[in-house]
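As structure tokens, the structure follows; a few thoughts come after it.
The values are calculated or read from the model by the stated rules, or taken from the named source; none is laboratory data. Because the structure is a prediction, the values reported are computed rather than measured. Cβ coordinates were reconstructed from backbone atoms using ideal geometry, including for glycine residues, and neighbour counts include every protein chain displayed. What goes into the accessible areas is simple: the full protein's heavy atoms, side chains included, and nothing from ligands, DNA or RNA. Shrake-Rupley method; radii C 1.70, N 1.55, O 1.52, S 1.80 Å.
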Amino acid sequence: MNHTGARVGVSIILCTYNGLNRLEPTLSHLCALKPVDLMELVVVDNCSNDGTGSFCSAYLQRHCGYEWKVVAEEQPGLIYARRKGISSSKYPLLLFCDDDNYLSSSYVQLGASVLQEHPNIGALGGRGIAVFESAVPEWFERYHYSFATGAQHTSSGKINKAAAEIYGAASFWRRTALEAIYSKGIEPILSGRSGGRLVSGDDVEWCYLVQLAGFEIWYEEELEFGHLMPKGRLNWAYYLKLKQGIAAGSAPLFAYQVLLQNRNCSSLQFLLLYFRKTLTILFQLLRFRLSQLFAAVPAAPERQVAAVTFKSRLFSFFKNSTVAYQRFCFLKRVF
């Protein structure tokens with residue numbers, strides 16, 4: 001329910017790359033949404049070469065009962081597709097729906113209601129429920145969060161962490177929060193997954209930026225959506241590659257984390273913290289390597305995850321020291 005008396009406007013932004021074979025159930029759920037006062041769907045075709053754009057137009061022409069459009073973004077990368085969706089949309093509340101998300105029928109109504117009642121929310125996340133195409137591997141439940149499924153907080157409401165975050169799948173964003181970022185000339189460092197590249201962290205960077213701009217990050221457990229888990233993702237090699245991609249963005253994000261925890265942190269203090277963090281990761285990796293030299297059996301799954309994560313983080317911190325320092329100084333200046 002909208003308690004403010006104002007009409008609610010939501011722009012749903014669906015970004016896709018070669019999504020032809022997975023989009024139909026996603027679009028079906030979008031077409032079945034219970035509407036709010038004003039609602040539109042913007043499909044962003046991000047460099048697809050499989051006829052995705054034409055398929056979406058034909059499907060929506062037949063089945064969608066509210067306003068929609070299909071636009072193209074020629075620069076590969078999820079963040080560029082989302083920026084295209086933002087610039088092509090018109091309503092104050094934005095909902096990013098991935099091309100493998102199945103939104104519950106009341107998703108937009110419930111999310112819009114929470115955002116209307118709490119105007120300081122910058123981003124709002126829901127609870128992903130895994131939809132499996134094949135048998136569920138025994139390790140999935142332990143690592144499900146990396147696949148954007150499961151609860152994102154202990155309960156509904158504000159996530160009370162200095163550096164709070166939600167996953168980008170089926171997430172709401174307030175347009176004014178994002179405008180508060182881009183009006184300062186801030187361009188995110190992380191561009192998100194592109195094609196087969198799994199480097200991620202762009203959603204987290206947006207969360208950190210809107211918090212620096214004075215907005216809050218919330219979770220609503222009643223916001224439920226299905227998240228397709230295709231067979232190709234449910235193998236251990238893919239998961240290790242996914243974890244490697246997540247860890248690859250850790251150094252640039254460290255600049256945000258430090259500033260969110262201490263707005264008065266100086267440049268010298270940041271450099272000392274960065275150096276200490278790098279040494280800590282190096283020590284963790286060396287300790288793991290030494291333990292493996294004397295191990296009689298192959299590393300257990302959780303130790304494999306730790307090894308991949310430590311190695312990727314360490315590489316990120318060595319490679320991006322200048323980037324992280326420059327980003328810290330820039331954020332100090334604009335915020």
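Quick notes
- Amide H contacts of ALA72 (H built 1.01 Å from N, in plane; Pro and chain starts excluded): ASP45 sit under 5 Å, all sequence-distant by 5 or more or on other chains.
- Using a simple spin-label model with pseudo-atoms 7 Å out from Cα toward Cβ, LYS90 and HIS118 lie 3.0 nm apart.
- Taking all protein chains into account, the per residue accessible area for the chain stands at 46 Å² (1.4 Å probe).
- Percent antiparallel among DSSP beta bridges (both partners in the stretch 100-230, rounded to 5): 45
- Listed values for the stretch 87-102 are Karplus-derived 3J(HN,Hα) couplings in whole Hz (6.51 cos²θ - 1.76 cosθ + 1.60, θ = phi - 60°), namely 5, 8, 10, 9, 9, x, 10, 10, 10, 8, 10, 6, 6, 10, 9, 10, and x replaces Gly and Pro.
- Degrees between helix 52-63 axis and first principal axis of the chain (Cα, 0 to 90, nearest 10): 40
- Taking the chain as the region of interest, the number of lysine pairs whose Cα atoms are within less than 14 Å, with members eight or more places apart or on different chains, is 8.
- Efficiency of FRET between LYS241 and THR154 - r from beta-carbon atoms, R0 35 angstrom, step 0.05: 0.70
- Quotient of Cα Rg and 2.2 N^0.38 Å for the stretch 286-335, N being how many residues it contains: 1.72
- Rounded to two decimals, the Cα radius of gyration of the chain over 2.2 N^0.38 Å is 1.02.
- Helical mean residue ellipticity (222 nm; -39500 (n - 2.57) per DSSP H run of 4+; nearest 500) of the chain: -14000 deg cm²/dmol
- Derived scalar couplings ³J(HN,Hα) [the stretch 105-117; Karplus, 6.51 cos²θ - 1.76 cosθ + 1.60; whole Hz; x for Gly, Pro]: 4, 9, 4, 5, 4, 5, x, 4, 5, 4, 5, 5, 6
- Share antiparallel - DSSP beta bridges, the chain, percent rounded to 5: 30
- For q = 0.16, 0.21, 0.22 Å⁻¹, Debye-computed log10 I/I(0) when each Cα of the stretch 83-174 counts as one equal scatterer: -0.75, -1.18, -1.26
- For the stretch 1-119, the Kirkwood estimate of the hydrodynamic radius, built from every pair of different alpha carbons, is 14.4 Å.
- Charge-dipole axis of the stretch 196-247 as Lys and Arg at +1 and Asp and Glu at -1 on Cβ define it, positive-most pick from LEU209, PHE225, ALA237: ALA237
- For the stretch 218-285, the C-alpha radius of gyration divided by 2.2 N^0.38 Å, with N the number of residues, is 1.61.
- Two-site FRET efficiency, ASN49 against LEU271, from Cβ-Cβ distance with R₀ of 35 Å, rounded to 0.05: 0.20
- For the pair LYS184 and ARG289, the difference between a 0.36 nm per residue extended length and the Cα-Cα distance amounts to 33.4 nm.
- For the stretch 276-287, Karplus couplings with θ = phi - 60° (6.51, -1.76, 1.60), whole Hz, Gly/Pro x: 5, 5, 4, 5, 4, 5, 4, 4, 4, 5, 5, 4
- Rolling a 1.4 angstrom probe over the stretch 80-184 with all protein chains present gives an accessible area of which 50% lies on carbon and sulfur atoms.
- Each Cα pair under 8 Å and six or more residues apart adds its sequence gap; the mean of these over the residue count of the chain is a relative contact order of 18 percent.
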